[in-house]
1. If we sort 84-96, 145-157 on the protection proxy, mean other Cβ atoms within 10 Å, highest first, what's the order?
2. Going by amide H atoms built from the backbone, whose H comes under 5 Å of the H on residue 156, apart from near neighbours?
3. In whole Hz, with x marking every Gly and Pro, tabulate ³J(HN,Hα) for the stretch 45-51 from phi via Karplus 6.51 cos²θ - 1.76 cosθ + 1.60, θ = phi - 60°.
4. Give the order of 198, 144 when sorted by the count of other beta carbons within 10 angstrom, beginning with the fewest.
5. How would the stretch 112-198 be classified by its alpha-carbon gyration tensor: rounded, prolate or oblate, with rounded meaning a/c under 1.5 and the a/b versus b/c comparison settling the rest?
6. Pop out the ³J(HN,Hα) list for the stretch 94-105 in order, Karplus 6.51 cos²θ - 1.76 cosθ + 1.60 with θ = phi - 60°, rounded to Hz; leave Gly and Pro as x.
7. Around residue 167, which amide H atoms from residues at least 5 apart in sequence, or from another chain, sit under 5 Å from its own amide H, with H modelled in the peptide plane?
Amino acid sequence: MKSNNKLLGLGILTAITASLCCITPVLALLAGTSGIASTFSWLDPLRPYLIGFTVLVLGFAWYQKLKPSKEVDCNCENEENPRFIQSKKFLGIVTLFAIVMLAFPSYAHVFYPKAEKQIMVFDNSKIKTIEFKISGMTCAGCEEHVTHKVNKLSGVVKSTASFENGNAIIEFDNSKTDIMEIETAINGTGYSVTDKIEN
C-alpha cells in the first residue's frame, strides 16, 4: 500500500509540474510579483512527457486498486475497510486533481481580470502600432499576463499577445506613452522582448 501512496504522490507531482509554466504567471499576478511569471517556461517542452508520465502513473495506480485480489489462505489480518488514503475515493480525488492541473493552461485566462479600456482619441495621427517579438510565452495564460500588464499603461488603446506567434501587437497614443515604457512593462512580466517592428 505504501508503494501505491508513493505512486499517487508522484502522479500529483508530475501533474503539477506539467502545468507549472502556466500556473506560475497566475500565482505571480495574485502575489503582485509579475517578474517571476516566466520562471518555469523552460518546462514547456517537457509538458507532453510529464502528461504521459502522469497518465501512466495514475493508470497503474487504478490498475493496482481495481485488479482482483488473490485468495490466499493465511491467518493474516484482512483489511476490509481500508484507510481513506488507500481508498478508491481518495484515488478518484487525486485523479480529478491531476486532470484539473493538466488542463490548467486551457482555462488560465479566467484568473486575469478583464481590463476594459475606454480611451478617447482626439488625434488619430498620434496612434501608433508596434509589434514586439517576445520569448518565453508558452500558453494562453502567458498571453493574458502580458496583455494585463500592458493594458495598465495609460495611452495603450489595444493590445493583443500571442504565445503561438511569440509576439504582442500594441496600439498606443504616443503622446501618453512610448515604446520604451511598453517594452519595460512587457519585460517586467518576466518574458523578454527580442525585437520591435514599427508599423
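None of the figures in this text is laboratory data; all of them are computed from the coordinates on show. Since we're looking at a predicted model, the values are computed, not measured. Glycine gets a Cβ as well: all are built from the backbone with ideal geometry, and neighbour counts include every protein chain shown.
1. Most protected by this proxy first, the peptides run 145-157, 84-96.
2. Placed amide hydrogens put 173 under 5 Å from residue 156.
3. With the stated coefficients, the stretch 45-51 comes to x, 8, 3, x, 6, 5, 5 Hz.
4. Going from least to most buried by this count: 198, 144.
5. Judged from the Cα gyration tensor, the stretch 112-198 comes out prolate (a/c at least 1.5, a/b above b/c).
6. 4, 5, 4, 4, 4, 4, 4, 5, 5, 8, 3, x
7. Residues meeting the amide H criterion: 134, 162.
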